[in-house]
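Participant: Take a look at the following structure, please.
The values are calculated or read from the model by the stated rules, or taken from the named source; none is laboratory data. Given the structure is predicted, the values throughout are model-derived calculations rather than measurements. Virtual Cβ from ideal backbone geometry, glycine too; neighbours counted across all protein chains shown.
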Amino acid sequence: MDSQLAEKTNADRPKPAAGAILPVRHLAIRYGFLALLFGLIVFFSLATRGFTSPQAAVFILQSVSITGILALGVTATLVVGGFDLSIGSIATSSMMAAAYVMVVLEQNALVAVLACLAIGALVGLINGLIICYMRVPDLLATLGMMFLLIGLQRIPTEGRSIAAGMTMPDGSTAEGTFSPAFLALGRHRFDFFIDNLVPASVVVLLVLAVLIWFFLEYTRFGRMMYAVGSNARAAEFAGAPVKAYKIWAYVISGVFASIGGILLAARLGRGDIASGNNLLLDAVAAALIGFAVLGAAKPNAFGTAIGALFVGVLLQGLTMMNVPYYTQDFVKGAVLVIALVFTFALLGRTAR
């Protein structure tokens with residue numbers, strides 16, 4: 001009798017939810033990467049001097065501001081199930097275009113900014129049209145565009161970087177200069193508890209991150225982009241203009257990349273053809289790291305911003321520890337692989 005009552009009592013008890021079966025695993029999935037980021041900050045704080053100072057923190061944000069902006073653009077293409085390899089070349093082309101418009105064509109800052117934004121939107125539109133209507137795989141289409149832009153940006157000056165007073169290929173001297181208003185985009189600093197603490201580029205990154213996060217998470221257009229990336233065929237059967245959403249994603253990516261190029265030109269005060277070489281890899285790393293933040297396992301703007309911060313913390317810490325520069329990419333890649341494998345392996349086990 002007692003055994004029957006015990007069995008009945010056990011049967012009547014509510015069964016634990018799936019999330020309560022392995023709470024440690026779920027905590028690891030959701031907060032493991034943030035714990036890793038916190039651990040890195042603690043480690044570098046103890047191993048180096050001055051890592052936690054406000055100036056060091058702002059330097060980290062400034063170093064990843066352009067990378068973060070490009071990564072947010074990549075995130076938009078990842079959301080619709082695509083991928084944009086041309087962002088680095090778009091940023092470099094925009095940087096060169098801004099310098100050419102002001103130094104060679106002697107135009108003002110507004111014209112230079114509008115020209116760069118137009119370049120980014122146009123390239124993104126072309127990428128989207130090639131992918132959606134010519135049925136070229138996104139990796140191949142954007143890879144081809146990357147090489148096209150790398151060559152195109154060097155033609156007007158025959159491979160020379162653009163600076164005030166430079167000698168043009170025809171022997172003439174460029175008479176234009178960089179507008180002070182344009183240079184302020186990359187060099188101005190706002191007061192924040194300490195005078196001249198926060199660079200303008202960091203403010204631009206934060207504003208764009210909030211905007212793209214709200215757009216993707218809380219607007220119908222953004223949610224439809226996620227639906228397209230999740231199951232394009234089902235979205236098409238539901239009446240969604242799948243091709244239009246994909247094209248807009250590449251336009252967003254192109255515009256964000258051009259904004260990064262504008263800020264880079266404003267920071268350097270010249271059009272340097274070699275300055276954007278590492279932008280693609282760092283931006284892609286930040287966007288992919290975003291998959292592991294809070295266990296999202298999907299592209300998301302918040303995760304991308306945290307991923308960019310993680311890359312900045314890691315590289316700044318390694319630099320302050322005098323780690324050779326040629327080993328930093330290896331460490332960054334190893335951390336990226338470990339974070340993604342850790343996250344998706346745990347998610348796969350939980351799903352089973």
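Participant: Among the small types (Gly, Ala, Ser), in a loop (DSSP other than H, G, I, E, B) and within 19 Å of ILE119 (Cβ to Cβ) - does that describe any residue in region 275-291?
Facilitator: yes
Participant: Test SER179 against the stated conditions and say whether it is among the hydroxyl-bearing types (Ser, Thr, Tyr) and more than 14 Å from LEU263 (Cβ to Cβ). Spell out the reasoning first.
Facilitator: On the way: among the hydroxyl-bearing types (Ser, Thr, Tyr): yes; more than 14 Å from LEU263 (Cβ to Cβ): yes.
The answer is yes for SER179.
Participant: Just for region 42-58: of the residues that are crowded, with 16+ Cβ neighbours inside 10 Å and hydrophobic (A, V, I, L, M, F, W, C), which one is modelled with the highest pLDDT?
Facilitator: Among those residues, the one meeting the criterion is PHE44.
Participant: Return the pairs, sorted by first residue and then second, in which the second residue is aromatic (Phe, Trp, Tyr), the first residue lies in region 221-237 and is crowded, with 17+ Cβ neighbours inside 10 Å, the beta carbons are less than 7 Å apart, and the residues are 6+ apart or on different chains.
Facilitator: The qualifying pairs are GLY222/PHE215; MET224/TYR245; MET225/TYR245; VAL228/TYR245.
Participant: For region 130-145, enumerate the residues that are under 18 Å from the mean Cα position of the chain (by Cα) and within 12 Å of GLY254 (Cβ to Cβ). Let's see the steps before the verdict.
Facilitator: Pass one, region 130-145, residues under 18 Å from the mean Cα position of the chain (by Cα): 138-139, 142-143.
Across region 130-145, the qualifying residue is only THR142.
Participant: Which of the residues that make up region 150-162 are touching a Ser or Thr at 6+ places or on another chain (Cβ under 9 Å) and crowded, with 19+ Cβ neighbours inside 10 Å?
Facilitator: Correct list: GLN153 only.
Participant: List every residue pair whose Cβ atoms sit under 8 Å apart, with the two residues 6 or more apart in sequence or on different chains, where the first one lies in region 131-149 and is on the phi < 0 side of the Ramachandran plot and surrounded by 16 or more Cβ atoms within 10 Å (Cβ to Cβ) and the second, anywhere, is basic (Lys, Arg) and part of a helix (DSSP H, G or I).
Facilitator: Filtered contacts from region 131-149: ILE131/LYS246; CYS132/LYS243; CYS132/LYS246.
Participant: I need the full set of residues from region 35-85 which are within 30 Å of ALA235 (Cβ to Cβ) and outside any loop (DSSP other than H, G, I, E, B), in order please.
Facilitator: GLY68, ILE69, LEU70, ALA71, LEU72, GLY73, VAL74, THR75, ALA76, THR77, LEU78, VAL79
Participant: Taking LEU197 as the residue in question, decide whether it is within 19 Å of LEU268 (Cα to Cα) and modelled with pLDDT under 85.
Facilitator: So LEU197 passes the test.
Participant: While we're here: Could you say which residue among ALA286, ALA209, ALA265, ALA227 is closer than 30 Å to GLU158 by Cβ and aliphatic (A, V, I, L, M)?
Facilitator: Just one listed residue meets the conditions, ALA265.
Participant: Going through region 116-129 one residue at a time, which ones are farther than 14 Å from ALA249 by Cβ and surrounded by fewer than 20 Cβ atoms within 10 Å (Cβ to Cβ)?
Facilitator: Across region 116-129, the qualifying residues are LEU117, ALA118, LEU122.
Participant: Looking at SER93, SER86, which is the one that is over 17 Å from SER161 (Cβ atoms), crowded, with 24+ Cβ neighbours inside 10 Å, at pLDDT below 95 and of a type in the set (Ser, Thr, Tyr)?
Facilitator: Residue meeting the stated conditions: SER86.
Participant: Additional query: Among all residue pairs at least 6 apart or on different chains, which show Cβ distances below 7 Å where the first residue, located in region 65-92, is closer than 15 Å to VAL123 by Cα and the second is hydroxyl-bearing (Ser, Thr, Tyr) and surrounded by fewer than 24 Cβ atoms within 10 Å (Cβ to Cβ)?
Facilitator: The qualifying pairs are THR92/SER275.
Participant: Yes or no: region 103-120 includes at least one residue that is outside any helix (DSSP H, G or I), under 17 Å from ILE247 (Cα atoms) and more than 20 Å from the chain's Cα centre (by Cα).
Facilitator: No, there is no match, as no residue in region 103-120 is outside any helix (DSSP H, G or I), under 17 Å from ILE247 (Cα atoms) and more than 20 Å from the chain's Cα centre (by Cα).
Participant: Of everything in region 18-41 that's more than 27 Å from the chain's Cα centre (by Cα) and either over 27 Å from GLY303 (Cα atoms) or not small (Gly, Ala, Ser) (or both), which residue is modelled with the highest pLDDT?
Facilitator: Checking each candidate, the answer is PRO23.
Participant: Out of curiosity, is SER258 in contact with a Cys (Cβ under 7 Å, 6 or more places away or on another chain), crowded, with 24+ Cβ neighbours inside 10 Å and farther than 20 Å from VAL58 by Cα?
Facilitator: yes
Participant: So, one more: What about THR327, is it closer than 12 Å to SER63 by Cβ, surrounded by fewer than 18 Cβ atoms within 10 Å (Cβ to Cβ), at pLDDT 80 or above and in contact with a helix residue (DSSP H, G or I) (Cβ under 9 Å, 6 or more places away or on another chain)?
Facilitator: No.
Participant: Just give me the residues in region 155-181 being among the small types (Gly, Ala, Ser), within 30 Å of the chain's Cα centre (by Cα) and under 14 Å from ASN108 (Cα atoms), in sequence order.
Facilitator: Pass one, region 155-181, residues among the small types (Gly, Ala, Ser): 159, 161, 163-165, 171-172, 174, 176, 179, 181.
If we keep only those that are within 30 Å of the chain's Cα centre (by Cα) too, we end up with 159, 161, 163, 179, 181.
Correct list: SER179, ALA181.
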